[in-house]
Amino acid sequence: MKKILLCLSIFILLSISSNAQIAVIANKSVPESSVSKSELLDLYSGDIKWWGNGDPVIIFDLKKNDDVKKDFYSFIGKTPSRMKTIWMKKMLSGEGDPPDALETENDMLSVVAKTQGAIGFVSLDIIDNSVKTIAIIKD
Amino acid sequence: MKLSNQSLRTKQLIGFGAILLMLILVYLYSIKKMSDLNDEIIAVSNNWLPRAVALSELNNNTANLRISQFEHAYTFDEEKMREQELEMIELIDQITENIDTYEKLKEESEAQNIYTEAEKNLYRLFTDNWEVYQDLSFEFFVLSRENKKQEAIDLLNNEAKEAALIGGGALEQLVNLCQQESFDAAQRAEKTFRSAKGFTTIIIIGAIILSLYIARKLVNMILRPIKQLRTAAGYISKGDYDIYIDIENNDEMGELSESFVHMAHSLEEAQNKLVQSEKMASLGQLTAGVAHEINNPVNFVLSNVNPLKRDINDVINVQKKYEEVIKYHNLENQFAEIEKFKNDLDYEYTLNEIDKLLEGIEEGGNRTAEIVKGLRNFSRLDESEMKIANINECVDSTLMMLKNQFKNRIEIEKDFSEVPDIFCYPGKLNQVFMNLLSNAGQAIDGKGKIIIKTWNNDQSIFVSITDDGKGMDENTKSKIFEPFFTTKDVGEGTGLGLSISYGIIQDHNGSIDVKSELKKGTEFIISLPNKQ
């Protein structure tokens with residue numbers, strides 16, 4: 001009985017996490033407390049290169065094409081594939097390299113926490129005090 | 001609800017309604033088919049073909065990007081590399097545009113439910129590989145920038161090659177699929193067009209045949225009776241009224257034919273009546289003249305007979321006086337010669353014969369006077385004023401006069417209805433009834449029965465007198481109203497009774513008809529109009 005309950009709670013947790021809200025996180029050195037949708041697109045497209053305090057913007061991406069990644073890019077109006085095309089253009093025109101793609105959301109959390117001027121995205125339910133949340137994406 | 005019983009109007013409406021219905025059907029069907037056709041054409045021109053174009057351009061551009069990457073890898077000149085990078089940016093822009101175009105069309109066809117699962121899977125295969133290829137391109141550019149040319153070329157030739165081949169293959173298949181689909185749609189359109197063409201052609205031919213048939217039928221329905229009427233009219237103009245028209249349909253033409261036949265019969269009847277009354281009128285004039293001419297000499301004869309009798313009597317008396325004187329004076333010897341002369345002459349017989357001759361002259365004169373009177377009656381020379389009278393009473397008064405004559409021999413059966421009073425010449429009508437009833441009585445040998453009926457409708461009063469006597473043959477019946485026609489022995493009838501009756505009834509604007517069968521009896525029917 002206990003096992004069944006456990007399975008059930010895990011299932012519920014999973015199902016919640018799959019529909020989870022996404023948090024846009026930044027390194028604590030970032031002075032901005034919130035960013036808009038269009039600012040997010042400009043940040044990820046490489047059109048905004050510096051934060052308010054002059055630190056360079058360092059964006060991070062996830063490697064796997066999972067829901068968190070898809071939902072994040074669709075929130076800013078692009079597909080992951082289209083983002084790559086944008087990055088490829090920037091790269092060819094010498095405006096900057098594509099972001100590092102990290103394996104997991106936990107990696108994202110820890111990398112953002114220790115990289116100055118970093119910005120990334122993870123599920124809302126895994127964030128902690130090591131980073132600051134500058135936007136929450138709801139379904 | 002037989003069609004032949006409907007009016008021409010209904011027949012026309014049904015016929016043309018059927019044609020109209022067929023044409024509307026054709027119209028609706030072709031509209032439907034045309035819209036199907038239109039959908040197919042729109043699908044081909046607005047969707048599949050542009051999709052195929054976008055896909056094949058996408059395929060070209062991705063292939064060109066790869067070629068440019070190779071060129072980039074083999075180039076060491078910085079400036080040239082810069083140029084190639086600009087070219088690649090252009091290619092990437094084009095690829096983005098191609099993908100945008102395709103995805104927009106894809107959404108449209110998804111909305112129309114014509115986007116197939118196969119296409120969806122192939123496109124996903126392409127996007128997945130394109131993403132992989134982009135990731136590899138990042139690595140390639142980094143290697144290329146760091147002048148690790150060989151490693152860059154290896155990357156292109158190995159991992160990137162696989163993604164490019166799969167993605168390109170997917171695109172080629174997609175192009176084929178779209179072409180196939182547009183081809184299928186075109187074929188469907190052609191099929192639709194053919195079937196619609198066939199169907200509408202059949203229905204239109206059907207409608208034409210039907211309209212020809214209906215037109216022919218309608219023309220026949222009108223033309224046939226008209227031809228018959230024309231033929232019949234030809235017969236009538238030649239005086240043959242006994243026409244026959246085959247009435248097929250109970251429509252307006254049928255009614256026309258019926259009225260035409262009816263008209264022909266009425267015409268015949270009217271003509272017969274006209275001939276009869278003309279005959280009667282001229283006979284009337286003739287007899288009026290004759291009666292007038294005979295009346296005077298007959299008057300001479302009749303008015304002279306009595307004085308002549310008296311005169312002859314006087315002469316005889318004178319002669320008797322002579323005889324008495326001779327006898328008284330005994331002068332017989334002197335007058336023996338006269339006596340002898342008397343014996344020679346058979347004087348006694350002469351005296352007797354004078355009486356008989358005078359009687360004969362008187363009777364002949366009286367009979368002639370009677371005939372003249374009859375002729376005058378027939379020619380209607382003596383008209384008095386009209387009076388209001390009841391026909392039943394007229395008949396009754398006539399019967400009173402005949403009562404004695406019929407006595408026990410003839411039974412009278414009266415079947416009178418309450419008929420209204422009319423304006424008439426009662427005395428003359430009495431004469432008619434008298435004539436008909438006495439004729440009836442004479443037609444019966446021994447015992448028999450006379451039935452008298454009266455009735456009326458809105459226009460006329462009718463009197464029928466039926467006997468069960470010897471009846472008449474057709475020949476007799478056709479002549480009974482002619483003056484001087486009689487079946488009685490010479491001297492017994494003048495032959496004027498019925499012709500006088502005929503004239504009287506004519507004077508009343510009425511009619512007299514006769515039905516008779518030999519050995520069964522005769523019926524006279526008089527009709528008199530209610531209003532004179």
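Some values worked out for this structure:
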{"item": "Descending semi-axes in Å of the range B:269-378, equivalent ellipsoid built from Cα gyration tensor", "result": "53, 12, 8"}
{"item": "Per-residue HN-Hα couplings for the range B:355-360 [Karplus 6.51, -1.76, 1.60; θ = phi - 60°; Hz; x = Gly/Pro]", "result": "4, 4, 4, 5, 4, x"}
{"item": "Given B:327/B:356; B:403/B:477; B:238/B:273; A:69/B:161; B:320/B:356, the pairs whose alpha carbons are separated by over 22 Å", "result": "B:327/B:356; B:403/B:477; A:69/B:161"}
{"item": "Protein heavy-atom accessible area occluded, A/B pair - total, 1.4 Å probe, Å²", "result": "1600"}
{"item": "Chain B: angle of helix B:78-111 to the longest principal axis, Cα-based, in degrees nearest 10", "result": "30"}
{"item": "Those residues of the range B:118-141 for which accessible area with every protein chain present is at least 30 Å² below the isolated value (1.4 Å probe)", "result": "B:131, B:134, B:138, B:141"}
{"item": "Carbon plus sulfur fraction of accessible area for the range A:22-139, probe 1.4 Å, in percent", "result": "49"}
{"item": "Estimated 222 nm signal from helices in the protein assembly as shown, with DSSP H stretches of n ≥ 4 weighted -39500 (n - 2.57), rounded to 500", "result": "-23000 deg cm²/dmol"}
{"item": "Inter-label distance for residue B:120 and residue B:387, nm, one decimal - labels placed 7 Å from Cα along Cα-to-Cβ", "result": "11.8"}
{"item": "Principal-axis tilt of helix B:391-406 within chain B, Cα atoms, nearest 10 degrees", "result": "40"}
{"item": "Solvent-accessible area per residue, Å², over the range A:65-109 with all protein chains present [probe radius 1.4 Å]", "result": "42"}
{"item": "Tensor-based shape of the range A:11-139 (alpha-carbon gyration tensor, a/c under 1.5 rounded, otherwise prolate or oblate)", "result": "oblate"}
{"item": "Aspartates and glutamates whose Cα lies under 16 Å from that of residue B:428, excluding same-chain neighbours fewer than 8 positions away", "result": "B:382, B:383, B:385, B:393, B:396, B:507"}
{"item": "Accessible-area value, residue B:27, 1.4 Å probe, nucleic acids and ligands omitted, Å²", "result": "140"}
{"item": "Exposure of residue B:294 as accessible area (Å², to 10), given a probe of 1.4 Å and all protein chains", "result": "60"}
{"item": "Residue (of B:94, B:441, B:408) at the positive-pole extreme of the protein assembly as shown, dipole from beta-carbon charges", "result": "B:408"}
{"item": "Cα centroid of the range A:93-126 to Cα centroid of the range B:186-224, whole Å", "result": "76"}
{"item": "Accessible surface, per residue, of chain B when the full set of protein chains is kept, probe 1.4 Å, Å²", "result": "61"}
{"item": "Surface accessible to a 1.4 Å probe, residue B:478 within the full protein complex, Å²", "result": "70"}
{"item": "Filtered GluC sites (Glu not before Pro), the range A:88-139: DSSP coil and at most 11 other beta carbons within 10 Å", "result": "A:103"}
{"item": "The range B:9-198 - percent of accessible surface contributed by carbon and sulfur, probe 1.4 Å", "result": "56"}
{"item": "Percent carbon-and-sulfur accessible area, the range B:387-529, ignoring ligands, DNA and RNA, probe 1.4 Å", "result": "48"}
{"item": "Where labels lie 7 Å past Cα in the beta-carbon direction, separation of residue B:231 and residue B:5 in nm", "result": "2.7"}
{"item": "Calculated FRET value between residue A:50 and residue B:159, using beta carbons and R₀ = 35 Å, to 0.05", "result": "0.50"}
{"item": "Full-extension gain in nm, residue B:172 to residue B:478, via 0.36 nm per residue minus C-alpha separation", "result": "98.8 nm"}
{"item": "Those trypsin sites (Lys or Arg not before Pro) in the range B:439-494 that DSSP places in a loop and that have at most 15 other beta carbons within 10 Å", "result": "B:447, B:488"}
{"item": "Drop in accessible area of at least 50 Å² in the complex versus isolated chain, residues of the range A:70-95, 1.4 Å probe", "result": "A:81, A:82, A:84, A:85, A:88, A:89, A:91, A:92"}
{"item": "Unit charges at the beta carbon, dipole of chain B: most positive-side option, B:464, B:292, B:529", "result": "B:292"}
{"item": "Residues with amide H under 5 Å from that of residue B:456, placed H, sequence gap 5 or more", "result": "B:462"}
{"item": "Pairwise centroid distance, computed over Cα atoms, of the range B:463-515 with the range A:50-73, Å", "result": "137"}
{"item": "Amide N proximity, the range B:17-41 versus residue B:195 label position 7 Å along Cα-to-Cβ, cut-off under 16 Å", "result": "B:29-41"}
{"item": "Folded to 0 to 90 degrees: helix B:117-145 orientation relative to chain B principal axis, Cα", "result": "20"}
{"item": "Pairwise label distance in nanometres, residue B:485 with residue B:242, each label 7 Å out on the Cα-Cβ vector", "result": "2.0"}
{"item": "Charge dipole (the range A:65-119, unit charges on Cβ, about Cα centre) - positive-most of A:101, A:79, A:65", "result": "A:79"}
{"item": "Probe 1.4 Å, all protein chains present, accessible-area order of B:216, B:224, B:145, B:409, largest first", "result": "B:216, B:145, B:224, B:409"}
{"item": "Debye equation applied to the C-alpha atoms of the protein assembly as shown, log10 I(q)/I(0) at 0.07 Å⁻¹", "result": "-0.79"}
{"item": "Efficiency of FRET from Cβ geometry, residue B:64 and residue B:29, R₀ 56 Å, rounded to 0.05", "result": "0.65"}
{"item": "Distance-filtered residues of the range B:386-421 - backbone nitrogen under 13 Å, label point 7 angstrom along residue B:447 Cα→Cβ", "result": "B:408-412"}
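The values are calculated or read from the model by the stated rules, or taken from the named source; none is laboratory data. Remember, predicted model here, so these are calculated numbers, not experimental data. Please note: Cβ atoms are built from the backbone with ideal geometry, for glycine as well, and neighbour counts cover all protein chains shown. Heads up: the accessible areas ignore ligands, DNA and RNA and are worked out on the full protein's heavy atoms, side chains in. Shrake-Rupley method; radii C 1.70, N 1.55, O 1.52, S 1.80 Å.
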